[in-house]
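Values in this text are rule-based calculations from the coordinates and carry no lab data. Since the model is a prediction, treat every value here as computed from it, not as a measurement. Methodologically, a virtual Cβ is constructed for each residue, glycine included, from the backbone with ideal geometry; neighbour enumeration extends over all protein chains shown.
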Amino acid sequence: MHENSFVHRDLKPQNILVVYPGPDWLVQISDFGISRRLDEDNTVTKNQGTLGFMAPETLGLIPEGSSPYAMDIWSLGALLFVVLTKERFLPDRQRHQDYASGNLAAADREAEMLRTSGVSEQCARFLRCMLAPSPDDRPSSDEASKHGWLAEPRETGGHQGSARHGGEGSAGRATPYLAPEEASTAGASATWSSTHVATPQPIAAETVDLSRLLASASFDGTIKLWDWTTWQCRWTKRAHRGIVQAVAFLPNSPGCLASASGHNVKYWEVATGQYLQTVKESSDSGRATAFSPDRQSVAFATGQPFFKTIEVRKLAAAHLGQTLKGHRGFVNSLAFSPDSRLLASASDDNTVRVWVLATGTCRWTLDGHRGRVTSVAFSPDSRQLASGSDDNTIRIWVLGTGRRRLTLRGHGGTVKAVVFSPLHDSRLLASASADRTVKLWDVAQGDCKQTLEGHGDTVIAAAFSPHARLVASASADKTVKVWDPVTGACLRTLEGHSDTVSCVAFPSDLGLVTAAAKSSLALAPPDRTEYFGTHPSLAGTDPNSEVS
């Protein structure tokens, strides 16, 4: 039907005809009385249907999305809900309106029905895809037909969260659709409520060595997971419709990866790339986003059109923690301290501010750059702060006093990112620049130890591996490069993104993570002693000694 450009617009149980039952089902759709064939501008003009099976945009509760077919996808989801629970999904207009406006607790009754009906988590995720409030978050009919739940073999008897029988016939189906942009309201269990978001748990049965992984994200909206020991891409996901601004592995759930773009934080299963859930945080997030090291909080620059305000939210509770105001220009970069108690912000007003998150107060305003401050990072011991600017310099600040320790000069363009080595006593700092290089600095002495050259365009971001034996850089040349920080050699160039690579991340935890059946998770910790040595070029110096 959709392949022939028809939108039914009134799918409901009365319009689904079972010509003959399984094992060779023949099901037909009837009553095309208010269906529409799309005109050239892809619009549908008639607003009719049956309440309980009408999508929010059909009721005029939210704007129509980019695909008019999404209203049929909603109706199919509502049909499946009836088959599984024998009750309608959001049966009255007020519940519809609450759900469409973001009050996801409006669907608590429906979530409880799924639980009591014995619906599997895979099926619940499929339903959340189909019944996403935003039409742009629903899969196409082709994508829905390839969802992992439909590819699961199932017994011919009871449903167990299935409205489809004939499990043997599913063995030859296409690769399952893994919901790259599905229901922004989805959770890891059968619930629509975002008032409390449990830590997402993986669902696949596969063991992955975290110490081999590297994640990258791009302006093209994708995230990629790489195995840097084989230089192969394990999986690619279309994660967001806009620029992916941050990506991070979750230490409190090592089998999960988080990505952020605009107002959405999405969670992914590391082993398979399976989409897990979305948490909506803000409606107008700007160019700066940061996860706290404990991955319990996320910070956004907000406040259109100037994005001078910072919001800090607790992911587990999905509520606003602090609103931080004081900058007079765009906030370009955010960084949490290692203990997640402080937040640093870099702004177009040429300053860095350091905030105490417990109180929401500004502890220090660091002034001295002669241009926009574009990047900021804490040292692992939280005693120092680095800031990069479009004045082409990096400044190192002592947090105990709020005073500048030294200025690092050498870049020939804007410093786009700064990051300290994760080793606790590290004096090593990496900086990425519009001059197409990454520089490695000894912040104790103020010396440049290495200049990593090879990118063909601006270097946007950089990251150290947990043991500081690798540096990864992300560039506007659409590649990720992996470097040896001791020799400065480029070990490999990772290609595949179709636009600027915006961020890179290594796991902070090392070990074997197993995503097992029924969302259980096991972590086998490695012998960590081998990872915490001293960088050969920086031995024997005090990182906090004053440099004139």
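A few points about this structure:
- The peptide list 459-467, 398-406, put in order of mean Cβ contacts within 10 Å with the highest first, becomes 459-467, 398-406.
- Over 31 Å apart at the Cα level, from the set Lys314/Lys439; Lys237/Lys416; Lys224/Lys314; Lys325/Lys481, are Lys314/Lys439; Lys325/Lys481.
- For region 466-486, the residues whose backbone nitrogen is under 17 Å from a point 7 Å from the Cα of Asp457, taken along Cα to Cβ, are 473-481.
- Table column - 3J(HN,Hα) (Hz), region 325-339, Karplus curve with 6.51, -1.76, 1.60, x for Gly and Pro: 10, x, 5, 10, x, 3, 8, 9, 8, 9, 8, 8, 5, x, 8
- Rounded if a/c under 1.5, otherwise prolate or oblate - region 289-416, Cα gyration tensor axes: prolate
- Distance between modelled label sites at Leu59 and Cys362, nm, 7 Å Cα→Cβ extension: 4.5 nm
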